[in-house]
Amino acid sequence: NVYEDRVGTWTYEPGSTMKTFTVASAIEEGVWDDAAVYDTGPFHVGEDANGNPIRLSSPENATNTITNANESDSGMYRYDYGYAVSSNVMIAEMLSNQLKYDVYQNYLTKLRFFQPIEIDRVQTSEGYFNPDDMSPASKLSRGYGHALTVNSAQIAQAYTTVMTDGSLIKPYIIDSFTDPVTKEKVQIGKTQNLGRVYSPETAAHMRDLMRQVVTTGSARRF
């Protein structure tokens, strides 16, 4: 038997659910433009003299190549539509041009990834990324949820920042229970505001982009 809590202790690569925080961080930093366009073709990963990721024009000398799902190449897309269709290339383009990786990593810390969350007296796992792996490909892929691990509780907690006024709200599962002997109500869960990560304007903008996922993007079937 595997005694593992899928919410709190089981860790996994979250994939595209992380794109929300990459984009929200870019909005907060003032470097996101809905109407800016990018090339959806394969992103050939290179490195500049300072170790920062850059896009090469061909696979020659590239360390990795990042593609969209099904390796699709649809020409030029707007950035907001790139988010709506969950474009890996859009995230790579943004992290190599608009949003510095160190700034993005700082937002992951503010969102309290890679540290445990005590929920209803149950300690959770931390999740992980390798701080010694700062290759250009790893930096870019963390923007779309690879080269790192999280648990579901951390994802749920982080998403409260875009579903509120930008504040991080600690999740809980059990509100209270009644002692079967004394019949007294024992309070367990309570709302805890862990501080603001994004502005209310950033959170509202992110929710608008999320709506596009189901109205014009890759989740229209829902």
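The values are calculated or read from the model by the stated rules, or taken from the named source; none is laboratory data. Everything quoted here is computed from the prediction, not taken from an experiment. So basically every Cβ, Gly included, is an ideal-geometry build from the backbone, and we count neighbours across all protein chains shown. Surface areas here come from the heavy atoms of the whole protein model, side chains and all, with no ligands, DNA or RNA. Shrake-Rupley method; radii C 1.70, N 1.55, O 1.52, S 1.80 Å.
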Under 30 Å between alpha carbons - lysine pairs in the chain that sit 8 or more apart or on different chains: 15
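Quick one: putting +1 on the C-beta of Lys and Arg, -1 on the C-beta of Asp and Glu, what dipole do you get for the chain around its Cα centre, in Debye to the nearest 20? The partial results should precede the final answer.
Values: 19 positive and 27 negative charges, 144 e Å.
Here the size comes out at about 680 debye.
Could you tell me which of rounded, prolate or oblate describes the range 74-154, using a ≥ b ≥ c as the square roots of the eigenvalues of the alpha-carbon gyration tensor, with rounded for a/c under 1.5 and, failing that, prolate when a/b is larger than b/c and oblate otherwise?
Numbers: a/c = 2.63, a/b = 1.81, b/c = 1.45.
It comes out prolate by the Cα gyration axes.
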Two-site label geometry, residue 164 and residue 102: point separation in nm, points 7 Å out along Cα→Cβ: 3.0
Nearest 10 degrees, 0 to 90: helix 101-110 Cα axis against the chain principal axis: 10
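Any chance you could tell me what percent of the C-alpha pair distances in the chain go past 25 Å?
Values: 10840 of 24531 pairs.
For the chain, the fraction of Cα-Cα distances above 25 Å is 44 percent.
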Accessible surface of residue 43 - all protein chains present, 1.4 Å probe, nearest 10 Å²: 0
Between 0 and 90°, nearest 10: helix 152-163 axis offset from the chain longest Cα axis: 80
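Express in nm, to one decimal, how much length is gained between residue 182 and residue 29 on full extension, taking 0.36 nm for each residue of separation and deducting their alpha carbon distance. Don't jump to the answer; show the numbers that get you there.
Values: separation 153, 0.36 × 153 = 55.08 nm, distance 5.33 nm.
Full extension from residue 182 to residue 29 adds 49.7 nm.
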Residue-averaged [θ]222 nm for the chain, counting only DSSP H segments that reach four residues, each worth -39500 (n - 2.57): -9500 deg cm²/dmol
Shape box of the range 141-222 [Cα atoms, principal axes, largest first, Å]: 54, 29, 26
Debye-sum result for the range 1-97 in log10 I(q)/I(0), which assumes one identical scatterer on each alpha carbon, at q = 0.18, 0.25 Å⁻¹: -0.87, -1.35
Top of 163, 94, 206 by mean-square fluctuation, Gaussian network on the chain, Cα under 10 Å: 163
